[in-house]
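The values are calculated or read from the model by the stated rules, or taken from the named source; none is laboratory data. What you are looking at is a predicted structure, and each value in this text was computed from that prediction instead of being measured. As a convention, Cβ positions derive from the backbone with ideal geometry for all residues, glycine included, and neighbour counts pool all protein chains shown.
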Amino acid sequence: MVKRLSIALIILLLFSFSCRKNENRVPYIPVDLYLNITLPSYNTLNVIGGWVYVSGGSKGLIVYRQTAETFMVYDRHCTYDVNATCTPASVDSTNLAISCDCDGSQYQLYDGAITNGPATMPLQQYQSTYDGLANTLHIYN
């Protein structure tokens, strides 16, 4: 009898956790962009550590050049309360962090990791492929 109750309790707990809605998910918006980084509007992406805001995603994108061949792309949608109607996340004055004004969360510009909560999830990232011969960055999900 005790064993049956234990198994039933475990199944109930697994079921309740698996059906729990993840309320911290950034809405899925299809992204398929090509940026020619030789254009003046993307001039800052021509140096390592450069970044730029780009339209797309849920609340806009931050594109950051991590290395000569690697770009990181983050959605500007804060992850703590995805239903909040505050301004999108933005790069702070140090050019090292991304800040969410509505909840005070901060993320590293380098990799999108949380540096200060209350957020518990990093910024939503998009995939990117860089063609150095054509100076074209493909951003997609």
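Of the strands (runs of 3 or more DSSP E) contained entirely in segment 73-141, those carrying at least 3 residues that are farther than 19 Å from Tyr28 by Cα fall at 97-99, 106-108, 114-116, 125-131. When segment 97-136 is filtered for residues that are under 11 Å from the mean Cα position of the chain (by Cα) and among the acidic types (Asp, Glu), only Asp111 remains.
One line per residue, one yes/no per condition, for (1) touching a Ser or Thr at 6+ places or on another chain (Cβ under 6 Å); (2) modelled with pLDDT under 55; (3) farther than 25 Å from Thr136 by Cβ; (4) among the aromatic types (Phe, Trp, Tyr):
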residue: Lys3; (1), (2), (3), (4): no, no, yes, no
residue: Leu14; (1), (2), (3), (4): no, yes, yes, no
residue: Glu23; (1), (2), (3), (4): no, yes, yes, no
residue: Pro27; (1), (2), (3), (4): yes, no, yes, no
residue: Gly49; (1), (2), (3), (4): no, no, no, no
residue: Ile62; (1), (2), (3), (4): no, no, no, no
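Looking at segment 27-63 only, could you name the residues that are in a loop (DSSP other than H, G, I, E, B), among the hydrophobic types (A, V, I, L, M, F, W, C) and in contact (Cβ under 8 Å) with a residue 12 or more places away in the chain?
Across segment 27-63, the qualifying residues are Ile29, Val31, Ile37, Val47, Ile48.
The set of residues in segment 67-95 being over 15 Å from the mean Cα position of the chain (by Cα) and closer than 25 Å to Asn135 by Cα consists of Thr67, Ala68, Glu69, Thr70, Asn95. Among the candidates Pro40, Pro27, Pro118, single out the residue that is surrounded by fewer than 18 Cβ atoms within 10 Å (Cβ to Cβ), touching a His at 6+ places or on another chain (Cβ under 8 Å) and of a type outside the set (Lys, Arg). Residue meeting the stated conditions: Pro27.
Taking segment 64-78 as the range and being touching a residue at least 60 places away in the same chain (Cβ under 8 Å) and of a type in the set (Ser, Thr, Tyr) as the test, only Thr70 passes.
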